[in-house]
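Taking it in order: structure first as structure tokens, then the write-up.
The values are calculated or read from the model by the stated rules, or taken from the named source; none is laboratory data. Bear in mind the structure is a predicted one, so any value in this text is a computation, not a measurement. Heads up, the Cβs are rebuilt from the backbone with ideal geometry, glycines too, and the neighbour counts pull from every protein chain shown.
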Amino acid sequence: MREHAGLTAARAAELLGTDRAMISNIEAGRVGVSEERLRQLALHYECPDEVFIGAMTEMTGGRKKEWWEEYRSSLPAGFLDVAELEHYAVRLRTAQTVHLPGLLQTEDHARALFDVVVPPLPRLEVELRVAHRLERQRILDGDAPTPYTGIIHEAALRMQFGGRSTTRAQLEHLLAATDRANITLLVIPFSAGGFPGADQSILYAEGVVPELDTVQMDTSHGPEFIDAQTQLINYRRRLDLMEQRALSAAESQAFVGAIVRDL
């Protein structure tokens, strides 16, 4: 809002009667902000978008503690951030080239992934991460499941984490998931050739307004989050192009089924 208003952080601080450090801390999420202060900011920034302002005020401290808080002292903060991002998204799109989407993984498959982390994880840490991943999957069930599109490259389907039996069960789980109306699975086969984003895993979480969209990327040192509007536009374009390279939903189901029969 401040940038769209063409104001510097120093000028915003003057308008609020505070210092520049406070503005920087609010914008970086290092300190909380009340609904009253947020509406003050929107007023000074002359923001005309009431839907956006309303969506922002919903995030100002009135939320109850959710299930991921139980893991706060046990798992890295990034794991909790991913769970929160998915929980509040109104739609999710993901693209995976080597790993299968976490929200569609079986317990055994997830455990096999965590078993090959470097350096090796203690058994308790592995089990905590598996339990956390399975709880994340609840957003795809229930009375109001989150719409979800998973774009998966053939390479990820053929990686046998945990061995042949675990892989077969995992792929059968994927096929069962596509029976749910909110889940769409699209496969990019090897024959599709190159495509934008082939070197990345992408999670695009749509917020209640476009300004609250977020991209989450997996890295070896934890998740990274992107919310700059230009980058969001580019990631949406990448995902659109990947969907164009993918098989249809029906063809993708048949493709996964053929791999299962070969195992």
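Here are the numbers for the structure shown:
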read-out: Region 95-124 - residue that is free of Cβ contacts under 8 Å to residues at least 40 places away in the same chain and assigned to a helix (DSSP H, G or I) and, of those, surrounded by the most Cβ atoms within 10 Å (Cβ to Cβ); value: Ala110
read-out: Pairs where the first residue, in region 231-253, is modelled with pLDDT of 95 or more and the second is among the acidic types (Asp, Glu), C-beta under 8 Å, 6+ apart; value: Leu232/Asp213
read-out: Which numbered condition Ile188 fails, given (1) touching a Lys or Arg at 6+ places or on another chain (Cβ under 7 Å); (2) of a type outside the set (Gly, Ala, Ser); (3) modelled with pLDDT under 95; value: (3)
read-out: Per-region count, region 31-79, residues among the aliphatic types (A, V, I, L, M), under 16 Å from Ala5 (Cβ atoms) and not in a helix (DSSP H, G or I); value: 0
read-out: Test: Val215 is under 30 Å from Glu27 (Cα atoms), assigned by TED's automatic domain parsing to the domain that holds Tyr148, surrounded by 15 or more Cβ atoms within 10 Å (Cβ to Cβ) and modelled with pLDDT under 95; value: no
read-out: Some residue of region 169-189 being within 22 Å of Arg236 (Cβ to Cβ) and among the charged types (D, E, K, R); value: no
read-out: Residue count, region 55-94 (criterion: farther than 29 Å from Ala181 by Cβ and free of Cβ contacts under 8 Å to residues at least 12 places away in the same chain); value: 6
read-out: Residue among Ala110, Ala77, Ala131 that is over 13 Å from the mean Cα position of the chain (by Cα) and at pLDDT below 95; value: Ala77
read-out: Residue in region 61-79 that is surrounded by 14 or more Cβ atoms within 10 Å (Cβ to Cβ) and closer than 22 Å to Gly197 by Cα present; value: no
read-out: Considering residues of region 1-20 that are hydrophobic (A, V, I, L, M, F, W, C), surrounded by 12 or more Cβ atoms within 10 Å (Cβ to Cβ) and not in a loop (DSSP other than H, G, I, E, B) only, the residue modelled with the lowest pLDDT; value: Leu16
read-out: Residues of region 196-230 that turn out to be assigned to a loop (DSSP other than H, G, I, E, B), touching a residue at least 24 places away in the same chain (Cβ under 8 Å) and closer than 13 Å to Arg91 by Cβ, as a count; value: 3
read-out: Verdict on Tyr45 being out of contact with any Ser or Thr (no Cβ under 9 Å at 6 or more places or on another chain), in the same structural domain as His132 (by TED's automatic domain parsing) and on the phi < 0 side of the Ramachandran plot; value: no
read-out: Any hit, region 227-241, residues being among the polar types (S, T, N, Q), assigned by TED's automatic domain parsing to the domain that holds His87, touching a strand residue (DSSP E or B) at 6+ places or on another chain (Cβ under 9 Å) and surrounded by fewer than 17 Cβ atoms within 10 Å (Cβ to Cβ); value: yes
read-out: Odd one out for Arg158 among (1) of a type in the set (D, E, K, R); (2) crowded, with 17+ Cβ neighbours inside 10 Å; (3) out of contact with any Gly (no Cβ under 9 Å at 6 or more places or on another chain); value: (2)
read-out: Subset of region 187-211 [among the β-branched types (Val, Ile, Thr) and farther than 30 Å from Cys47 by Cβ]; value: Val187, Ile188
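Residues are listed down the side, and each one gets a yes or a no for (1) small (Gly, Ala, Ser); (2) closer than 20 Å to Val82 by Cβ; (3) touching a helix residue (DSSP H, G or I) at 6+ places or on another chain (Cβ under 6 Å):
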| position | (1), (2), (3) |
| --- | --- |
| Leu104 | no, yes, yes |
| Asp108 | no, no, yes |
| Phe114 | no, yes, yes |
| Val118 | no, no, no |
| Pro122 | no, no, no |
| Gln137 | no, yes, yes |
| Asp141 | no, yes, no |
| His153 | no, no, no |
| Leu157 | no, no, yes |
